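Read through the structure below, which is laid out as structure tokens, and then see the notes.
The values are calculated or read from the model by the stated rules, or taken from the named source; none is laboratory data. Worth saying up front: this structure is predicted, and the values here are computed from it rather than measured. Glycine gets a Cβ as well: all are built from the backbone with ideal geometry, and neighbour counts include every protein chain shown.
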Amino acid sequence: MARVELSGVTKRYGGVEAVAGVDLAIADGEFLTLLGPSGCGKSTTLNLLAGLEDATAGDILFDGRRVNGLGPFQRDVAMVFQQYALYPHMTVAENIGFTLRLQKQPKSDIRRRVGEVAGLLELTPYLDRLPRELSGGQQQRVALGRAVIREPRVFLFDEPFSNLDASLRLRMREEVKVLHQRLGVTSIFVTHDQEEAMSLSDRIAVMRAGRIEQVATPAEIYAHPATQYVARFIGSPPMDMLSGVLASGPVFRAGALAFAMPERLADGAAGRDVVLGVRAEHVQVMPGGSDAVVRVTQPLGPFTNVTVDWEGGSLTARVPGMAVFSPGERVRVRLDPSGVRLFDRDSGRSIPG
Amino acid sequence: MNRGRLGRVGVGAGLAAFVLWTLLPILWLVISSLLRTKALTSRPPDLSAASWTLGNYREVLASGQALGPALLTSAIVSLGTTLIALALGSAAGYALARLSIPGGDRIALLVLATQMFPGIVIVIPLFIVMSRLGLIDTRAGLIVVYLSFVLPVVIWILKGFFEAIPPELEKAAAVDGASAWNTFRLVVLPISWPPLFAAGVFAFIEAWNEFLFAVVLTRLHTKTVPIAISEFAGQYQTKIGEMMAAAVLASLPVVALAIIFRKAILRGFAEGAVKG
């Protein structure tokens, strides 16, 4: 287990800066997720942490000791890959025990340790099979086993579940979380799936174009996204954005509608071009009234997403229960002031208040 | 649907014609080797029951036409060429596929460019070089020359295969603590048998069938099979039947090789990628 720090870490390929001066401190035993779209530098950052690639500039520290230039094995990290990367010609047992075999440990020790890990991951019945004889989920568990047997100081996960179907992904997510709770090893997880990031992490680092846009707990990132970019990336549906003007009152005008704003937002945003961000659960839609017209409803079981339009704006509301509205219906729209965020239109940054 | 069926029939007919086109000379080779010379040279060839004989084969195996020593020489030269081409080719192919060598792409192209010169252009200069090196009429000399045109192709076959191996596999090995050599030996090589077979069979056939260099660069001691066969055509008479029988015998090892490793060869050429 280790405390991991990145300071000014940069990786350039020719003229392209894939990672641009990342500063990040990960506590001992923490589960941190690097979240972002493809090409944002998250996987490169992970490879730099692993020692599979060398940083162009900056320092990587494990427990305060600089590890730049050390290979993955010397850094004592284990990694789980998106494509599983199991050795196709080795059985499950050989795959899991490969690292011990390379260390020339006695065969009996290897067998015992492989047995323990297989038990932990419920792989015991498959030890003699080849990877191609396993399902995707089992293959990914073998990949986990190969990482676990190392008893590493840091676990690195590179989008390990993106090849699995949705239901399997949920189960593997659970298993990784249980594994982390049991072993308590510092874990760094890369994904583009915000739900995965939310459900697994102690903290999330949202990345964009090689930089970290925001690092915070899932709750903080969900409720107080630092930028529009983060707000759009997190949550399903993502935070809705309304362009408009903040007028005295204070009220926020978006096209034909005006919404009363909490006083706290009035000062910081006065006279600026702003964008209002609000999540579906903070939008109320009520029958009767003529604020807006229902465009579409999406019943999802416990609630229904209702999208409404008006002249100059559109929002999605989360309404409890199955659809109670029908398309074309005229409705009243209210915002819950506690859930409203304002962003500067030019910089995209959150306006505190 | 009618068009689909018509298309299939068309493709089938085309393929049949192609197979016939390829196999007809071989069929004729086998037939000629089994006919008495008289029956073979009469017009049209006499295919009646009395014309058939195994005499040509008996003659070839019994006579002093040196097919035996030639088979041995060919086997040594072909196997030597194949093994060295695989050893060097897999290392070079892996390096070109995986290591970031400055100008690696250009090196790879240059390797291929050597294939563009027809053998006849270089055979005379090569003769001079080889005679200076004292390698005329030696097996080692033939192996060196054969490697010069077999190795580039082997490098390219294996390079393409190594490029198709997911890089994660080697990253995983690095994370597991494997050195570059151990990664190659314990992870990459064991999954590379199909392309190694394909490249190996290619190298063997090239060396086994080669005629031009062999005829120029050898004298008495290192006649290969194609040379020995050609010598059935003498100054005063050509023993066609025996020549054909010798040719059939010479083809057998290659045919056997192709049949035994058929699956591996097809997989090696067709399936570039490794499925995890």
**Request:** Return a yes/no flag: does the range A:47-62 have any residue that is among the β-branched types (Val, Ile, Thr) and within 20 Å of residue A:159 (Cα to Cα).
**Result:** no
**Request:** Take residue B:144 and decide whether it is away from chain A (no Cβ under 14 Å) and touching a residue at least 60 places away in the same chain (Cβ under 8 Å).
**Result:** no
**Message:** Return the residues of the range A:58-85 that are without any contact (Cβ under 8 Å) to a residue 60 or more places away in the chain, on the phi < 0 side of the Ramachandran plot and facing another protein chain (nearest Cβ under 7 Å); say none if nothing qualifies.
**Reply:** A:71, A:72, A:73
**Fill in**
Among A:276, A:246, the single one that is assigned by TED's automatic domain parsing to the domain that holds residue A:338, in contact with a helix residue (DSSP H, G or I) (Cβ under 6 Å, 6 or more places away or on another chain) and buried (at least 22 other Cβ atoms within 10 Å of the Cβ) is A:246
**Item:** Odd one out for residue A:211, checked against (1) touching a Lys or Arg at 6+ places or on another chain (Cβ under 7 Å); (2) more than 23 Å from residue A:127 (Cβ to Cβ)
**Value:** (1)
**Prompt:** Among the numbered criteria (1) under 22 Å from the mean Cα position of the chain (by Cα); (2) modelled with pLDDT under 90, which single criterion is violated by residue A:250?
**Reply:** (1)
**Output for the range B:167-190, where each listed residue is closer than 11 Å to residue A:85 by Cβ, assigned to a helix (DSSP H, G or I) and facing chain A (nearest Cβ under 7 Å)** = B:168, B:169, B:171, B:172, B:174, B:175, B:187
**Item:** Wholly enclosed helices (runs of 4 or more DSSP H) of the range A:93-184 bearing at least 1 residues under 17 Å from residue A:79 (Cα atoms) and within 10 Å of chain B (Cβ to nearest Cβ)
**Value:** A:136-148
**the range A:158-190: number of residues that are β-branched (Val, Ile, Thr) and either at pLDDT below 95 or in contact with a Gly (Cβ under 7 Å, 6 or more places away or on another chain) (or both)** = 4
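For (1) among the aromatic types (Phe, Trp, Tyr); (2) surrounded by 14 or more Cβ atoms within 10 Å (Cβ to Cβ); (3) under 26 Å from the mean Cα position of the chain (by Cα), each residue gets a yes or a no:
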{"site": "A:314", "(1), (2), (3)": "no, yes, no"}
{"site": "A:324", "(1), (2), (3)": "no, yes, no"}
{"site": "A:327", "(1), (2), (3)": "no, no, no"}
{"site": "A:333", "(1), (2), (3)": "no, yes, no"}
{"site": "A:340", "(1), (2), (3)": "no, yes, yes"}
{"site": "A:344", "(1), (2), (3)": "no, yes, yes"}
**Asked** In the range A:304-315, is there at least one residue being modelled with pLDDT under 90, farther than 23 Å from residue A:224 by Cα and of a type in the set (A, V, I, L, M)?
**Response** no
**Request:** Pick out the one residue from A:260, A:247, A:280 that is on the phi < 0 side of the Ramachandran plot and without any contact (Cβ under 8 Å) to a residue 24 or more places away in the chain.
**Result:** A:247
